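Q: Have a look at the structure that comes next, please.
The values are calculated or read from the model by the stated rules, or taken from the named source; none is laboratory data. Quick caveat: nothing in here was measured; it's all calculated off a predicted structure. Counting neighbours? That spans all protein chains shown, and the Cβs are built from the backbone with ideal geometry, glycine included. The accessibility values were calculated without ligands, DNA or RNA, using every heavy atom of the protein model including side chains. Shrake-Rupley method; radii C 1.70, N 1.55, O 1.52, S 1.80 Å.
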Amino acid sequence: MSGSTRILIVEDSPEPLAATIRVLQLNGLAYDVAGNAEETFRKLKTESYDLILLDLGLPDMDGLEVCRRLKENALTSDIPVIMLTGRSSSADKIAGLELGADDYVAKPFDPGELVARIHVALRRRQKVRETPNYLGPELSLDVKTRTARAGASAIKLTNKEFDLLALLLKTPGQSVTREEISRLIWDKPAEESSRSLETHIWSLRSKLGEAGKHIETTGKVGYRFNP
């Protein structure tokens, strides 16, 4: 990560905020702080950030609703969001990921884990930004706004579904190995992300409708988008 990386911490509790700031400072990462949802949206209108660390328990709005608004706004939809949550409910975590959050870290967090997850999210964003837009008769993809359309219909994709589709569309007709997909999308070996990958492929095919038939399994090697 370059020294120009800027992270917005959205947190209202003093102790978790101090811990997060300390981690970022030790790793040379520039940061800004917003104490509530209103301040978050105000800063995002005038400032540019590479990643958002979002607490779910904000005083003026639930963090899940903040995440939803960020991902539905074309100006902020491509900013990675890592949820920092003290909530133990898996339903909250799943809801956040479905809304487009890139990852979640439970509080109190391990500093090394937080930094590693920040690295992964930033690398994934850079890889997707290198992907050209795709425009086909059945499917189109706009990387900047992170929107996809099947024919005339908009498709609602999770962050990982979008990144996976963008990766396959980067080289139409060419197979992408499971190892490469796992490394770029999950930052894990293929054997550790196999089930999640298969689930995401199934979900993509389902959401794309007729265009889903173009996502082909290439033996045991991987997948490709064959236009």
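Q: Quick check, is ALA34 touching a Leu at 6+ places or on another chain (Cβ under 8 Å) and either of a type outside the set (Asp, Glu) or under 24 Å from ILE155 (Cα atoms) (or both)?
A: In short, yes.
Okay, residues lined up against (1) more than 14 Å from the chain's Cα centre (by Cα); (2) at pLDDT 90 or above; (3) not charged (D, E, K, R):
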position	(1), (2), (3)
ASP110	yes, yes, no
ARG123	no, no, no
VAL128	no, no, yes
LYS144	no, no, no
ALA150	yes, no, yes
THR158	no, no, yes
LYS170	yes, no, no
THR177	yes, yes, yes
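Q: I would also like to ask the following. Of all residues being in contact with a Gly (Cβ under 9 Å, 6 or more places away or on another chain) and farther than 23 Å from GLU98 by Cα in region 181-227, which is modelled with the lowest pLDDT? Just the residue, please.
A: Filtering region 181-227 for residues that are in contact with a Gly (Cβ under 9 Å, 6 or more places away or on another chain) and farther than 23 Å from GLU98 by Cα, the one modelled with the lowest pLDDT comes out as PRO227.
Q: I need a count of the residues in region 162-187 that are in contact (Cβ under 8 Å) with a residue 24 or more places away in the chain, open to solvent by less than 10 Å² (accessible area, probe 1.4 Å) and not in a strand (DSSP E or B).
A: 9
Q: Condition first: farther than 26 Å from TYR104 by Cα and surrounded by fewer than 19 Cβ atoms within 10 Å (Cβ to Cβ). Now tell me which residues in region 127-139 satisfy that.
A: Residues satisfying the conditions are PRO132, ASN133, LEU135, GLY136, PRO137, GLU138.
Q: Which of (1) in a helix (DSSP H, G or I); (2) surrounded by 15 or more Cβ atoms within 10 Å (Cβ to Cβ); (3) of a type in the set (A, V, I, L, M, F, W, C) does ALA148 not meet, given it meets every other one?
A: Single failed check for ALA148: (1).
Q: Is it true that some residue in region 3-15 is touching a residue at least 60 places away in the same chain (Cβ under 8 Å) and over 24 Å from PHE162 (Cβ atoms)?
A: yes
Q: Could you count how many residues in region 191-215 are among the charged types (D, E, K, R), more than 19 Å from the chain's Cα centre (by Cα) and surrounded by 14 or more Cβ atoms within 10 Å (Cβ to Cβ)?
A: Residues flagged as among the charged types (D, E, K, R), more than 19 Å from the chain's Cα centre (by Cα) and surrounded by 14 or more Cβ atoms within 10 Å (Cβ to Cβ) within region 191-215 amount to 1.
Q: Moving on to the next point. I'd like the full set of residues that are open to solvent by 30 Å² or more (accessible area, probe 1.4 Å), outside any loop (DSSP other than H, G, I, E, B) and more than 21 Å from HIS200 (Cβ to Cβ), limited to region 97-115.
A: Scanning region 97-115 gives ALA106, PRO111, GLY112, GLU113.
Q: If LEU75 meets every condition in (1) farther than 21 Å from HIS119 by Cβ; (2) at pLDDT 95 or above apart from one, which number is that one?
A: (2)
Q: Okay, next question. List the residue pairs whose Cβ atoms are under 6 Å apart, where the first residue sits in region 21-38 and is within 18 Å of PRO111 (Cα to Cα), the second is in a helix (DSSP H, G or I) and open to solvent by less than 50 Å² (accessible area, probe 1.4 Å), and the two are 6 or more positions apart or on different chains.
A: The qualifying pairs are VAL23/LEU114; ASN27/VAL115; TYR31/LEU24.
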